[in-house]
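Here is the structure we will look at.
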Amino acid sequence: MSADQTLAFDPDCHIFTGCGFPAPGLHTFIYEPIATWGSFELTKPMLLAILSSVVVVGFFWAAFRKPKLVPGKMQMVGEAGYDFVRRGIVYEIIGKKDGEKYVPFMVSMFFLVWMMNLWSIIPLAQFPVTSLIAFPAAMALIVYVVWVSLTFKKHGFVGGWKNIVGYDKSLGPILPLVVVLEFFSNLIIRPFTHAVRLFANMFAGHLLIVMFSLASWYLLNGLGIIYAGTSFVMVIVMTAFELFIQAVQAYVFVLLACSYVQGALSEHH
């Protein structure tokens, strides 16, 4: 917990003790470095991001290092997760023939995003890594580079630009307008919205859980106990809802990534 977070929360602060409600804000997402090496600082979100990679790689390594014809429990769960992304997302959007080579990439992306989201409800961690814009932006940038590279590789330099800007002679006089709109939409707005969609949902969800958690403690005094119980119920409800949203956001992020890849491989944007 950062110094700002410590100052924002006083364990003796309750509704009838004369202090104001310690409303959560941007300080909730700021952490002091855990360790420092020269100019490099390791923070809690960075550590959780590293652990997310370790957990995902470790799980699939353990599940498939000795695959069996009759799978054990871990292999069965791994196969179910892998098959869900492959058949439920990649095959549906890109197609079986073109999509097979992108399955490992999309599976890795899905479970990495999901794991970084899940830290929000895991004790001691209790922070969704993707609520910091840098992490969704980095992953969106990876997808963006893959999409642009595939577009020019598939269609060549001229054909690639035509694909990106939606060039179609049949549009007639509105073609210049479409080209300009598609250029800005695809090359500038697309990666931004891809990252912000994930970031905004996780940011808002974490902020709501923190607010109701603080409210439960703040109201835990005198007659405020009645309202503290209501606030605590909201913490449970929001946590359960957040568990659902975490999976949905991982699904949507990969769904959009597949959509971009499919667009790069198709003849028309």
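The values are calculated or read from the model by the stated rules, or taken from the named source; none is laboratory data. Quick caveat, the model's predicted, so the values are computed rather than measured. A quick note on method: Cβ atoms are made from the backbone with ideal geometry, for glycine too, and the neighbour counts reach across all protein chains shown. Areas reflect the complete protein model, heavy atoms only, side chains present, ligands, DNA and RNA absent. Shrake-Rupley method; radii C 1.70, N 1.55, O 1.52, S 1.80 Å.
Enter the accessible area of Phe84 (Å², nearest 10), with the probe set to 1.4 Å and all protein chains included. Number for this one is 100 Å².
Note on Phe244 and Val158: with the Förster distance fixed at 51 Å, the Cβ-Cβ geometry gives a FRET efficiency of about 0.65.
Given the peptides 167-173, 46-52, arrange them by the average over their residues of other C-beta atoms within 10 Å, most packed first. The partial results should precede the final answer.
Details: 167-173: 9.6, 46-52: 18.1.
The peptides rank, most packed first, as 46-52, 167-173.
Taken as entire DSSP H runs, the helices of the chain that both span 15 Å or more between Cα atoms along their own long axis and average 1.0 or more on the Kyte-Doolittle scale are 44-64, 103-118, 134-165, 224-265. Each label point was placed 7 Å from the Cα along the Cα-to-Cβ direction; for Val237 and Ala138 their separation is 3.6 nm. Here the translational diffusion coefficient of the chain follows from Stokes-Einstein with Rh set to the Kirkwood radius across Cα pairs; for 20 °C and 1.002 mPa s it amounts to 100 µm²/s.
Across segment 198-253, Cα-Cα pairs farther apart than 14 Å form 55% of the total. For Lys169, the lysines whose Cα falls under 21 Å of its own Cα, not counting residues fewer than eight places away in the same chain, are Lys154. Checked against a 29 Å cut-off, the cross-linked pairs Lys44/Lys68; Lys66/Lys101; Lys68/Lys153; Lys68/Lys97; Lys96/Lys153; Lys97/Lys162 give Cα-Cα distances beyond that limit for Lys44/Lys68; Lys68/Lys153. In this rough spin-label picture, where each label sits 7 Å from Cα along the Cβ direction, the Arg87-Phe183 distance is 4.5 nm. Cβ distances below 4.7 Å define possible disulfide partners, and in the chain the cysteines left without one are Cys258. For segment 6-68, the calculated P(r), taken from all Cα-Cα distances in 5 Å bins from zero up to the bin holding the longest distance, is 3, 13, 14, 12, 12, 11, 11, 9, 6, 4, 3, 1, 1 percent. In percent, how large is the relative contact order of segment 122-269, given Cα pairs closer than 8 Å and 6 or more residues apart? Value for segment 122-269: 32 percent.
Below 8 Å between Cα atoms, with a sequence gap of 6+, how large is the relative contact order for segment 193-269 in percent? Please list the in-between numbers first.
Numbers: 36 pairs, mean separation 25.3, N = 77.
So the answer I get is 33 percent.
Once both labels are positioned 7 Å from their Cα atoms along Cα-to-Cβ, the gap between Leu47 and Cys19 label points is 2.5 nm. Here segment 61-216 was treated as a single set of alpha-carbon atoms; its pair distances binned every 10 Å from 0 give 9, 25, 31, 21, 11, 3, 0 percent.
Our analysis of segment 1-126 gives Rg over Rh at 1.16, with the two radii drawn from alpha carbon positions and Rh computed by the Kirkwood formula.
Put simply, when 229-241, 211-223 are sorted by average Cβ atoms within 10 angstrom per residue, most first, you get 211-223, 229-241.
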